[in-house]
Amino acid sequence: MEFTSADLKNYFDEVIEMIEEEKDYLCELDRKLGDGDHGVTMSIGWQAAKEMIDGDLKDEDDCGKISMIVGKTFLNAVGSSVGPLYATGLMRGAKTVKKKTVLNDDDLAEYWLAFVNGVQERGQAKAGDKTMMDTLEPFGEAFQVKFESANEFIPAFDHALGFARKGMESTKEMISQKGRSSRLGERSVGFQDPGATSAYLMLLTFLAYVKN
Ligand code: ADP
Ligand code: MG
Ligand code: MG
C-alpha cells in the first residue's frame, strides 16, 4: 500500500477525534485504578498535537518530521506517565521513516514495531504487568510473525489487532505491577487498564484508517 504524509496527518486527526469521544470512558477506567485523569491527559497531549498539525506542520511532508514533532509536542504537553511513553513510541517510529514522504508496507511495519519497542524500552513493562504493554507486546509479536511470512501490512496488522484486543481485555484479571495502580495490589483486579485501552484504540483507529 501507499501511505502518504497527508495520510499520517489524517490518521493523527482521527486519533484526536477518537480521544475526544473516549475521554470520559478512559477517565472512568482510570478512576478505578489510578487518579482518574487518563482521558484528560490523552486529550491534552493530542490537542497540543492538533495545534501543531494545523499550524507548523501544515505544509510538512516528511513523515519522520511529522511524527517526531507530534511526539515532542505530546511529551511537552503531558505531565502524566503516558507523556514520555507515547512520545517515545512516536519519536522512535519517526526515526524509521525519516525523510520519507510516502510509506510502503515495509516502512509501516518498521514504524509500528519501533513504536512498540520504544514504549517498552521507556517504561520497562512486560505483558502481565497491567499496562499498555499488555496490548502492545502481543500486538507486536503477532504482527512481526505474520508480516515476515506474508509481507502484507494490512492483513498482518488486522491479525495482530485481535491479539492486542485479547491483551487489553486480559488486564482485567491482572494485579498491577507498574505505575500508579500497582499501589492497589490485589485491589487492582477486576478493572481493565486505561493505558492498555487507549493503546488498543490507537491501533484500531489506524486499521480503520488504512482499510478505508
Ligand atoms: P498517571 O498514572 O500518571 O496519572 P495516566 O493516567 O495518563 O498517567 O496513564 C496511566 C497508564 O499508564 C496506565 O494505565 C498504564 O497503562 C500506563 N503505564 C504506567 N506505567 C507504565 C509503564 N512503566 N510502562 C507502560 N505503561 C505504563
Ligand atoms: Mg492517571
Ligand atoms: Mg495523573
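Read-outs throughout are calculated quantities, based only on the coordinates presented, and are distinct from any laboratory measurement. Not measured: the values here are computed from a predicted model. Using ideal geometry, Cβ is built from the backbone for each residue, glycine included, and neighbour counts are taken over all protein chains shown.
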Extension reserve of the Asp54-Glu14 stretch, reckoned as 0.36 nm per residue once the Cα distance is removed: 13.1 nm
Fewest-first ranking of Ser170, Ser67, using other Cβ atoms within 10 Å as the exposure measure: Ser170, Ser67
Gaussian network model of the chain, springs between alpha carbon atoms under 10 Å - residue of Asp158, Asp13, Asp59 with greatest fluctuation: Asp59
Unit charges on C-beta of K, R, D, E only; dipole of the chain, Debye: 760
Residues in region 146-161 reached by a label modelled at Val102 [backbone nitrogen below 20 Å; 7 Å Cα→Cβ]: 152-154
Nitroxide proxy distance, nm - points 7 Å out along Cα→Cβ at Ser149 and Asp24: 4.3
Taking the chain and dividing mean pair separation by its residue count, relative contact order in percent (alpha carbons under 8 Å, at least six apart): 20
Projected-area average for the chain over all orientations - Cα convex hull basis, square nanometres: 10.0
Helix-only CD estimate at 222 nm, as mean residue ellipticity for the chain, using -39500 (n - 2.57) per DSSP H run (n ≥ 4): -24000 deg cm²/dmol
Between 0 and 90°, nearest 10: helix 63-77 axis offset from the chain longest Cα axis: 30
Rounded FRET efficiency, nearest 0.05, which uses the C-beta distance separating Asp35 from Glu186 and R0 of 22 Å: 0.70
Interatomic Cα distance distribution for region 119-196, bins of 10 angstrom, percent: 22, 44, 25, 9, 1
Principal-axis tilt of helix 5-33 within the chain, Cα atoms, nearest 10 degrees: 0
GNM result for the chain, Cα springs below 10 Å: residue of Thr101, Thr135, Thr41 fluctuating most strongly: Thr101
Separation between Cα centres of region 87-102 and region 32-80, rounded to whole Å: 14
Pair Lys95, Lys172: separation of 7 Å Cα→Cβ label points (nm): 3.8
